[in-house]
1. Relative to the present Cα-Cα distance, how much length would full extension add between R26 and Y55 at 0.36 nm per residue of separation?
2. Work out, step by step, the length gained on full extension between A15 and S45: first 0.36 nm times the residue separation, then minus their alpha carbon distance; give nm to one decimal.
3. Under a plain spin-label model, where a point goes 7 Å from the Cα along Cα-to-Cβ, how far apart in nm are E117 and L34?
4. Count charges around N115 for me, please; just the other residues with Cβ under 15 Å from its Cβ, Lys/Arg as +1, Asp/Glu as -1.
5. Listed here are the pairs K32/K81; K4/K54; K32/K129; K62/K85; K32/K54; which of them are more than 28 Å apart at the Cα?
6. Taking the Cα atoms only, what angle lies between the long axis of helix 46-62 and the longest principal axis of the chain, rounded to 10 degrees?
7. Could you state the accessible area per residue of the chain in Å², with a 1.4 Å probe and every protein chain left in place?
8. So, with a 1.4 angstrom probe, what is the percent of accessible area on the chain that is carbon and sulfur?
Amino acid sequence: MGKKRPEKCISVEEAKELQQVWCDTRTPEIDKCLGFEDTREFWWSVEDLQEYLKYVKKMSRKQGIDNPGIRMYFGAYPETKCKMKKGYATLFLAPTGAPAGGLGKDGDNSPNNYNIESLNGGSSRIPPKVY
C-alpha cells in the first residue's frame with residue numbers, strides 16, 4: 001500500500017465546514033462589494049504542482065536553503081488583464097525559505113524567496129464549485 005496519511009490532513013467533513021463558514025461569512029460581502037460573484041476555488045493538476053515543487057526545491061538548494069516552503073496568497077487580476085473584464089480573484093503560490101543558519105527557518109516566519117518565481121495559472125470556475 002502507499003505512504004501513510006499525512007499528519008495534517010483533515011476530513012471531508014472538516015473541509016466542508018471550513019468552506020461553508022467561508023461562504024457564510026465572507027462571500028456575501030465580497031460579492032456585494034464587487035457587484036458580481038467572484039471565484040473562491042482554484043485548481044492545478046498534481047503534475048503541475050509536483051513540477052513546481054521540484055523546481056522550488058532545486059532552486060532553493062542552489063541558494064543554500066535546505067527547508068523551503070510555500071506560502072499561498074490571494075490576488076485579483078486587474079480588470080484590463082481579466083478575460084471577462086471583471087478582475088476575478090486568483091491564488092498564487094510563493095516560495096519561502098532562508099539559507100541554512102539564517103532567520104526564519106520555522107515556516108510561519110520564513111521570508112518570501114523573491115529569487116524564485118511564484119506559481120499562478122491554475123483554473124477556477126464561475127460560479128465557484130462548492131466543496
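The values are calculated or read from the model by the stated rules, or taken from the named source; none is laboratory data. What you see is a predicted model, and the numbers here were worked out from it, not measured in a lab. A quick note on method: Cβ atoms are made from the backbone with ideal geometry, for glycine too, and the neighbour counts reach across all protein chains shown. Heads up: the accessible areas ignore ligands, DNA and RNA and are worked out on the full protein's heavy atoms, side chains in. Shrake-Rupley method; radii C 1.70, N 1.55, O 1.52, S 1.80 Å.
1. 7.0 nm
2. Full-extension gain reported as 8.9 nm.
3. Simple spin-label model gives 2.5 nm for this pair.
4. Charge balance in the 15 Å sphere: +4.
5. Correct reply: K62/K85; K32/K54.
6. Once rounded, the angle reads 40 degrees.
7. Spelled out: the 1.4 Å probe surface of the chain, per residue, equals 77 Å².
8. 56
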